[in-house]
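Input: a single structure, listed below in structure tokens.
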Amino acid sequence: MSQESAIVFTIFYALICFCIVYPSTEFVSAGLTVDHVFSSTLGSESITFVQHHIRRTSLNLMVHSLLPLMYIRVYFMQFASSNDEDSDSVASSLPDSYSTVMLVWRVLIAAIVLLPALVAAAIYYWSRNNWQNHPVAKYLAKFAIPGTRFEDWRAVAASINDEYRRDDKVVIRMNPVARIVVTESWIIKTGPYWINVAHQDDTALIAYKSDTHDVSQEAFETVQFVNIAVKPTRAGIREFSIRINALDFKDLQDRLSRPITILSSVKFHRSVLDHFVEVFKDQVAQNPRHRLDVDVAVDNLDNCFACMQAQPNIKIQKHCLDVDEAGEALPEARCCQVCNCRPMWCIECVAKWFASRQNQSERESWLQQKCTCPMCRARFCILDVCYIEGRR
Ligand SMILES: [Zn+2]
Ligand SMILES: [Zn+2]
Ligand SMILES: [Zn+2]
């Protein structure tokens, strides 16, 4: 085979390795990952979280350590004969440097062959006594206090497994190979070869850096990432850092039992929508208040129809004079209409609905535009959105 095909093979193999070691989101969703292919031997993550990750990280080590060996095996089967002829001619002209190169090659190949054997031996040793010797088991043992409910590493693992099974955990994917799991008392970061664990009671979290990236220039869309240092104070437990999308920050904070310290260098970048909601609220605050009819008892309103959380605090009530910026009367087709719907929405949801109905490329003029009531489709403008008296 020619040298070109050897190069093509090398590039192709490097790509395959990259996809195995760092699978893209498409590979993950298609189930083309080491975890997925060997899922039956790894055990269920949702039932035995710790044991699953001990097996998964060991398996990753094994599979990844085999990749260089597979490469040289195929390479020599396919390309070795033609290389021999080339190397013979090189050998006669450059005998000294050739033998040095050959020595380096032999050492490298010996290392490549030995690596999987060493990894296999280590995994065999770790797996004895039900993974008692595994580094993760030894790490968890540092949380154990004899005489308490955390008797040994298995009790610690059982606590993590138990909390992971509950619905109140928060799982944030950092990248294709790392996730953050926060349960009632544990903070865990899972990586390809290791899992970091910290107990919430003796851990400080510090947001120390943020960075913003443009996703698309036209739509002013940006994504912000926050880097957070997880600093356990317990002896022997290593510090680790997590990097999450700023949108996930609140989820993370809500699940933690103590606040994340935010250094002054970290500035949370507000999204265009958040900014719009603020401006919308300021404008509505200047509009007349709406007094509820006596027959609609204040406590008789359901929660907001959109978010299902806040209480409705606005009513669409026509107040504008149907004139344009120059004071000229608007044509019938652009006039606001009367909405007879009862108060159903909170101000945030109305502002977001309003924004969603606008032309995304004309952000500056959103406030001057119109929108239709989500229920009755009556046209309204921002002057017609009124806070309900006593509910702000
Ligand atoms: Zn709402
Ligand atoms: Zn309406
Ligand atoms: Zn209007």
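The values are calculated or read from the model by the stated rules, or taken from the named source; none is laboratory data. Here the structure is a predicted model, which means the values were calculated and not measured. Neighbour counts run over all protein chains shown; Cβ positions are idealised from the backbone, glycine included.
Does the range 152-169 hold any residues that are touching an Asp or Glu at 6+ places or on another chain (Cβ under 7 Å) and either modelled with pLDDT of 95 or more or not assigned by TED's automatic domain parsing to the domain that holds Val226 (or both), and which are they? Correct list: Glu163 only.
With a requirement of 1 or more residues that are modelled with pLDDT under 80 and closer than 30 Å to His134 by Cα, the helices (runs of 4 or more DSSP H) lying completely within the range 5-116 that satisfy it span 25-29, 34-37. Could you go through the range 142-153 and let me know if any residue there is within 29 Å of Thr25 (Cα to Cα) and surrounded by 15 or more Cβ atoms within 10 Å (Cβ to Cβ). Checked the range 142-153: no residue is within 29 Å of Thr25 (Cα to Cα) and surrounded by 15 or more Cβ atoms within 10 Å (Cβ to Cβ). Taking Asn303 as the residue in question, decide whether it is polar (S, T, N, Q), within 13 Å of ligand 3 (Cβ to nearest atom) and either in a loop (DSSP other than H, G, I, E, B) or surrounded by 15 or more Cβ atoms within 10 Å (Cβ to Cβ) (or both). So Asn303 fails the test. Condition test on Val37, is it among the hydrophobic types (A, V, I, L, M, F, W, C) and within 23 Å of Lys189 (Cβ to Cβ)? No.
How many residues are over 17 Å from the mean Cα position of the chain (by Cα) and modelled with pLDDT under 95 when one looks only at the range 185-197? Working first, answer last.
Pass one, the range 185-197, residues over 17 Å from the mean Cα position of the chain (by Cα): 185-186, 193-194, 197.
Keeping just the survivors that are modelled with pLDDT under 95 gives 185, 193-194.
Number satisfying all stated conditions: 3.
Quick grid of which residues meet (1) among the hydrophobic types (A, V, I, L, M, F, W, C); (2) touching a residue at least 60 places away in the same chain (Cβ under 8 Å):
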{"position": "Ala111", "(1), (2)": "yes, no"}
{"position": "Pro116", "(1), (2)": "no, no"}
{"position": "Phe143", "(1), (2)": "yes, yes"}
{"position": "Phe150", "(1), (2)": "yes, no"}
{"position": "Ile160", "(1), (2)": "yes, yes"}
{"position": "Lys169", "(1), (2)": "no, yes"}
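If you go through the range 346-378 and keep only what is of a type outside the set (A, V, I, L, M), within 10 Å of ligand 2 (Cβ to nearest atom) and modelled with pLDDT of 90 or more, you end up with Thr372, Cys373, Cys376, Arg377.
Can you work out which of the residues in the range 309-337 that are under 44 Å from the mean Cα position of the chain (by Cα) and either within 16 Å of ligand 1 (Cβ to nearest atom) or among the aliphatic types (A, V, I, L, M) (or both) is nearest to Leu383 (Cα to Cα)? Please lay out each step first, then the result.
Going through the range 309-337, the residues under 44 Å from the mean Cα position of the chain (by Cα) turn out to be 309-318, 334, 336-337.
So of that shortlist, the ones also either within 16 Å of ligand 1 (Cβ to nearest atom) or among the aliphatic types (A, V, I, L, M) (or both) come out as 309-316.
On the way: Gln309: 25, Ala310: 22, Gln311: 21, Pro312: 18, Asn313: 15, Ile314: 12, Lys315: 11, Ile316: 9 Å.
Looking at residues that are under 44 Å from the mean Cα position of the chain (by Cα) and either within 16 Å of ligand 1 (Cβ to nearest atom) or among the aliphatic types (A, V, I, L, M) (or both), I get Ile316.
Hey, could you check the range 345-375 for residues that are in a loop (DSSP other than H, G, I, E, B) and in contact with a strand residue (DSSP E or B) (Cβ under 9 Å, 6 or more places away or on another chain) and say which is farthest from Asp274 (Cα to Cα)? Per the criteria, the residue is Cys373. In the condition set (1) more than 25 Å from Val177 (Cα to Cα); (2) in a helix (DSSP H, G or I), Arg234 is compliant with all but (2).
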